[in-house]
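Student: I am attaching a structure below and will ask some questions about it afterwards.
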Amino acid sequence: MADSVVSRVGISSTILYKFRAAATFESLPMPGTSARLFDIKREIVKIKKLDRGGIEFDLSIRNATTNEEYTDETMLLPRGTRVIVQRLPT
């Protein structure tokens with residue numbers, strides 16, 4: 001029965017993110033079992049409304065556990081990944 005529910009609903013992933021100054025992680029639901037770094041950045045910008053004001057910037061994304069910076073925007077991050085976000089000028 002659980003298999004039929006998964007097939008109807010689809011599998012989604014949740015990436016946990018927070019900005020460096022934030023105290024807690026927030027959930028970022030994404031379709032599938034992993035998400036491209038580019039899509040994660042785009043969704044964070046959309047949710048946090050960072051695209052208002054016309055200021056050029058980039059987001060630095062680091063693994064919260066290893067502190068590894070993710071730079072390849074085609075990279076797939078598996079669901080459950082915890083990341084730290086920092087807004088940088090371009």
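The values are calculated or read from the model by the stated rules, or taken from the named source; none is laboratory data. These numbers come from a predicted model, not from an experiment. Using ideal geometry, Cβ is built from the backbone for each residue, glycine included, and neighbour counts are taken over all protein chains shown. Surface areas here come from the heavy atoms of the whole protein model, side chains and all, with no ligands, DNA or RNA. Shrake-Rupley method; radii C 1.70, N 1.55, O 1.52, S 1.80 Å.
Student: In the neighborhood of LEU16, defined by Cβ-to-Cβ distances under 14 Å, what is the net charge if each Lys or Arg adds +1 and each Asp or Glu adds -1? Show your work: numbers first, answer last.
Tutor: Numbers: positive: LYS18, ARG62, ARG79, ARG82; negative: GLU26, GLU43.
Here the count lands on +2.
Student: Tell me, what is the per residue accessible area of region 26-90 in Å², probe radius 1.4 Å?
Tutor: Heavy-atom accessible area per residue stands at 64 Å².
Student: Also, I was wondering about something else. Please determine, in degrees from 0 to 90 and to the nearest 10, the orientation of helix 37-48 with respect to the longest principal axis defined by the Cα atoms of the chain, where the helix direction is its Cα long axis.
Tutor: 70
Student: For semi-axes √(5λ) of the Cα gyration tensor in Å, several values are listed as (i) 26, 15, 12; (ii) 31, 18, 10; (iii) 20, 15, 10; flag the one computed from this structure.
Tutor: (i)
Student: Still on this structure: State, as an integer percentage, the relative contact order of the chain based on alpha-carbon contacts under 8 Å between residues 6 or more apart.
Tutor: 36
Student: Another question about this same structure. Calculate, for THR66 and THR33, the FRET efficiency according to 1/(1 + (r/R0)^6) with r their C-beta to C-beta distance and R0 22 Å; round to the nearest 0.05.
Tutor: Numbers: r = 20 Å, r/R0 = 0.93.
Once rounded, the FRET efficiency stands at 0.60.
Student: Follow-up. In whole percent, how big is the carbon plus sulfur part of the accessible area of region 16-83, probe 1.4 Å, protein atoms only?
Tutor: 50
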